Amino acid sequence: MLIEMFTVDFESSEAIYMQLRNQIILGIATAQIQEGDTLPSVRQLASGVGINMHTVNKAYALLQQEGILTMDRRRGAVIRIDGDKLLALEEMKGQLKVLLAKGCCKNISREEVHQLIDEIYEEYK
């Protein structure tokens, strides 16, 4: 996988390790990254993006906890999609509750939310 796929916004309020994590998840959702693909080594990615190795380690550790990658001694960080759909749905539900509550605070309607979800979901087909 190419390191060029990763970009970091140093001005963002989002932590750099979360930016990397989210880019990997979006890469999987858009089929740019496939199950079994090997991610760059911690050292390669840190050097290529210009960040600390501990930051990459943190992103990889989080993805490993979430069941999205596994660490293999020979191959390094390998994409592994966890088949536990019920767990994923519960996690998504918790995150959506907060996002939908924020939307309600901003008077975003149910129809607008559904339209937004449909638009985003189309990107992953």
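The values are calculated or read from the model by the stated rules, or taken from the named source; none is laboratory data. Just so you know, these numbers come straight off a predicted model, no measurement behind them. For neighbour counting, all protein chains shown are included, and Cβ atoms are generated from backbone atoms with ideal geometry for every residue, glycine included. Protein only, heavy atoms only, side chains kept; ligands, DNA and RNA dropped before computing areas. Shrake-Rupley method; radii C 1.70, N 1.55, O 1.52, S 1.80 Å.
Only residues that are farther than 16 Å from Ile25 by Cβ and in a loop (DSSP other than H, G, I, E, B) were counted across the stretch 85-124, and they come to 4. Scanning the stretch 59-96 for residues that are farther than 28 Å from Val113 by Cα and either of a type outside the set (A, V, I, L, M, F, W, C) or open to solvent by 70 Å² or more (accessible area, probe 1.4 Å) (or both) yields Tyr60, Gln64, Gln65, Thr70, Met71, Asp72, Arg73, Arg74, Arg75, Gly76, Arg80. Filtering the stretch 70-123 to residues that are over 25 Å from Ile33 (Cα atoms) and aliphatic (A, V, I, L, M) leaves Val98, Leu99, Leu100, Ala101, Ile108, Val113. The set of residues from the stretch 12-21 being touching a helix residue (DSSP H, G or I) at 6+ places or on another chain (Cβ under 9 Å), open to solvent by 40 Å² or more (accessible area, probe 1.4 Å) and either closer than 19 Å to Val78 by Cβ or of a type outside the set (A, V, I, L, M) (or both) comprises Ser12, Glu14, Tyr17. One residue stands out in the stretch 1-11 among those that are closer than 26 Å to Glu122 by Cβ and either modelled with pLDDT of 95 or more or hydrophobic (A, V, I, L, M, F, W, C) (or both): the one that is surrounded by the most Cβ atoms within 10 Å (Cβ to Cβ), namely Phe6. The single condition from (1) open to solvent by 40 Å² or more (accessible area, probe 1.4 Å); (2) at pLDDT 95 or above; (3) among the β-branched types (Val, Ile, Thr) that Val56 fails is (1). Where helices (runs of 4 or more DSSP H) sit wholly within the stretch 1-82, those with at least 3 residues that are within 13 Å of the chain's Cα centre (by Cα) occupy 16-29, 53-65.
Cβ separations smaller than 8 Å between residues 6+ apart or across chains give no pair from the stretch 26-45 residues that are in contact (Cβ under 8 Å) with a residue 60 or more places away in the chain and more than 22 Å from Lys125 (Cα to Cα) to residues that are of a type outside the set (D, E, K, R) and surrounded by fewer than 17 Cβ atoms within 10 Å (Cβ to Cβ).
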